[in-house]
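The values are calculated or read from the model by the stated rules, or taken from the named source; none is laboratory data. Since this is a predicted model, take the numbers as computed values, not measurements. Note: ideal-geometry Cβ built from the backbone for every residue, glycine included; neighbour counts use all protein chains shown. Remember, those area values only see protein heavy atoms, side chains included, never the ligands or the DNA or RNA. Shrake-Rupley method; radii C 1.70, N 1.55, O 1.52, S 1.80 Å.
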Amino acid sequence: MTDLATHLARLEDHLARFRRGGILNLIGGQDEAGEGWFETRSPVDDSLIAQVALGTAATVDRAARAAKAAFPAWAAMPGAERKAVLHRIADLIEARAEEIALCECWDTGQAWRFMSKAALRGAENFRFFADLAPGARDGQSLPSPDHLNITSRHPIGPVGVITPWNTPFMLSTWKIAPALAAGCTVVHKPAEFSPLTARLLAEICHEAGLPPGVLNLVNGMGEGAGKALTEHPDIKAIAFVGESRTGSAIMKQGADTLKRVHFELGGKNPVVVFEDADLERALDAVIFMIYSLNGERCTSSSRLLVQETIAEAFHARLIERVNRIRVGHPLDPTTEVGPLIHQTHFDKVAGYVAIGQAEGATLAAGGGRVGETGCFMRPTLFTDARPEMRIAQEEVFGPFLTSLRFRDDAEALGIANGVAYGLTGYVWTNDLTRALRFSEGLEAGMIWVNSENVRHLPTPFGGVKASGIGRDGGDWSFDFYMETKNTAFALGRHKMQRLGL
Ligand code: NAD
């Protein structure tokens, strides 16, 4: 196993060029400085990683024009050729997986043990959608007695992709790969807290032979470059991953240009543990799904609903394990939880510790800072919470678990559904009928029964209520990035009304 010192030395080699020249935008295949610079800093020690080119509305306009100019040729390219380009991108991601993972850990604070796999997941996303590219245009034949109706799909045009900072590389590939496979061109605005790997992805795509202008990278602030992208008339759709209130702002911003939107937003996902469950596995899943990825994960199970008959014993084992979670340097392979992305986010999560205490829940584990520098926080657990408390209602987006007790299925369902969000739900029971009935009533876009979040790329991904609009994955992604056209051919001389005879 590679150790921390080796990781740090290799990271230094990868960062040297960014320290010298900054992280540039990439528009129409050309590197571009911005209309100024902003800094990206590491949450490990607040050290400067690099200056980043600041994109503004003018930068976005150039990028949107480049995407528009590149669109006709890319859209017309046979699917088999787009497939080959996307597979070459996946090859290069795999070849540079270590570099991507090192940069991602340093920029975001995510632990190496998870990020090394996330880089490879990015390659998988490209391969999966590459293989679907040749069939993306396929439609249906819907004959009526007098017409043959044929549907076909066509890429919608240049699209904007706006991504968050929690697992930026994986999420960017998840959005950009299907857009390119569909024949769309893209302007990508990554999160200002984590610009490093978006730059690597744009470089890789060009190295793999993606024509200039097909993927354009504009760094900048949400209210600047992000807003301009959502308002640009040449951008036909916005694929957005981020907070629910940002989604709401984007919907307003895009109204004048009638943007199609796809939103993957926040969550306050329940994991429901019934007394008849395999409690050993349930415990592993509960811990993994809130404390992996620093809890900065939209699908995290941030609310534990545990049946009161087993609550005491379950909590006792949970507290013991949570207290043993290893918080440390994200590039140390033994680290389980790294630092939170940024001081402002640390303050938000720490603020919820104070809120939970003021609300009268029991702080059963964690709650405090680790070390003097950086954004390290002890994995935190509140027990004895009530459903109406803010720590049981609001997305904290950190290593922060709120536990609530329930008596029976009906009460559990009421608590589970009693929040604004509806992204995922996790149900632990060995009673088949209960599992079926409970998941039927659960308000969530994705449910796992006796499992943690195990993603299968052909399945739909997305949320209900304040957690999102639309679905990704498999053919659902093409529904978003493409327009469906119906053409009706008369099969003969059907009866037609004749006016003005
Ligand atoms: P955020 O909404 O603050 O920012 C996301 C992106 O939107 C950034 O690139 C930001 O610059 C941009 N942005 C901000 N304001 C904008 C505006 N007015 N117009 C256009 N763009 C704007 O989210 P975040 O803090 O970066 O990420 C955390 C959030 O993302 C959490 O709520 C989390 O649940 C959510 N998330 C959801 C999913 C999912 O699949 N549902 C996945 C990952 C993260």
task = Return only the number of the condition from (1) of a type in the set (D, E, K, R); (2) open to solvent by less than 10 Å² (accessible area, probe 1.4 Å); (3) more than 30 Å from Asp332 (Cβ to Cβ) that Asp107 does not satisfy.
result = (3)
query = For Leu142, are the conditions met, namely being part of a helix (DSSP H, G or I) and either assigned by TED's automatic domain parsing to the domain that holds Trp74 or under 30 Å from Gly55 (Cα atoms) (or both)?
reply = no
note = If we keep only residues of the stretch 195-212 that are under 17 Å from Ala179 (Cβ atoms) and touching a strand residue (DSSP E or B) at 6+ places or on another chain (Cβ under 9 Å), then the residue surrounded by the fewest Cβ atoms within 10 Å (Cβ to Cβ) is Pro212
task = Within the stretch 281-296, work out how many residues are open to solvent by less than 10 Å² (accessible area, probe 1.4 Å), out of contact with any Phe, Trp or Tyr (no Cβ under 7 Å at 6 or more places or on another chain) and either aromatic (Phe, Trp, Tyr) or within 14 Å of Gln110 (Cα to Cα) (or both).
result = 3
ask   = What tally of residues in the stretch 132-175 results from selecting those that are under 22 Å from the mean Cα position of the chain (by Cα) and of a type outside the set (A, V, I, L, M)?
value = 13
query = Restricting attention to the stretch 429-449, which residues are under 25 Å from the mean Cα position of the chain (by Cα) and within 10 Å of Val272 (Cα to Cα)?
reply = Val449
query = Is the stretch 413-424 home to any residue that is modelled with pLDDT of 95 or more and farther than 27 Å from Ile469 by Cβ?
reply = no
ask   = Yes or no: Gly183 away from the ligand (no atom under 16 Å from the Cβ) and either open to solvent by 10 Å² or more (accessible area, probe 1.4 Å) or at positive phi (or both)?
value = yes
message = Could you check the stretch 253-269 and list, in sequence order, the residues that are open to solvent by 40 Å² or more (accessible area, probe 1.4 Å) and either near the ligand (Cβ under 9 Å from one of its atoms) or touching a Lys or Arg at 6+ places or on another chain (Cβ under 8 Å) (or both)?
response = Gln253, Arg260
Qualifying residue in the stretch 2-18 (condition: at pLDDT below 95 and either surrounded by fewer than 18 Cβ atoms within 10 Å (Cβ to Cβ) or more than 26 Å from the chain's Cα centre (by Cα) (or both)) = yes
ask   = For residues in the stretch 232-252 being under 18 Å from Ala420 (Cα atoms) and not aliphatic (A, V, I, L, M), which is least open to solvent (accessible area, probe 1.4 Å)?
value = Gly247
key: Scope the stretch 459-473; condition closer than 20 Å to Arg127 by Cβ and either more than 16 Å from the chain's Cα centre (by Cα) or within 13 Å of the ligand (Cβ to nearest atom) (or both); matching residues   = Pro460, Phe461, Asp472, Gly473
message = If Ala225 meets every condition in (1) within 16 Å of the ligand (Cβ to nearest atom); (2) under 29 Å from Ser292 (Cβ atoms); (3) open to solvent by less than 30 Å² (accessible area, probe 1.4 Å) apart from one, which number is that one?
response = (2)
remark   = When restricted to Glu280, Glu296, Glu231, the only residue near the ligand (Cβ under 10 Å from one of its atoms) and out of contact with any helix residue (DSSP H, G or I) (no Cβ under 7 Å at 6 or more places or on another chain) is Glu296
Subset of the stretch 145-169 (residues that are part of a loop (DSSP other than H, G, I, E, B) and among the aliphatic types (A, V, I, L, M)) = Ile156
ask   = When the stretch 380-405 is examined, which residues are found to be open to solvent by 50 Å² or more (accessible area, probe 1.4 Å) and part of a strand (DSSP E or B)?
value = Arg405
task = Among the residues of the stretch 452-501, write down those that are within 23 Å of Arg153 (Cβ to Cβ), of a type in the set (Val, Ile, Thr) and out of contact with any Lys or Arg (no Cβ under 6 Å at 6 or more places or on another chain).
result = Thr459, Ile469, Thr487
key: Criterion (of a type outside the set (A, V, I, L, M, F, W, C) and surrounded by 20 or more Cβ atoms within 10 Å (Cβ to Cβ)) met by exactly one of Gly371, Gly366, Gly351, Gly360   = Gly366
query = If only one of Ile287, Ile250 is closer than 28 Å to Met170 by Cα, within 21 Å of the chain's Cα centre (by Cα) and away from the ligand (no atom under 15 Å from the Cβ), which one is it?
reply = Ile287
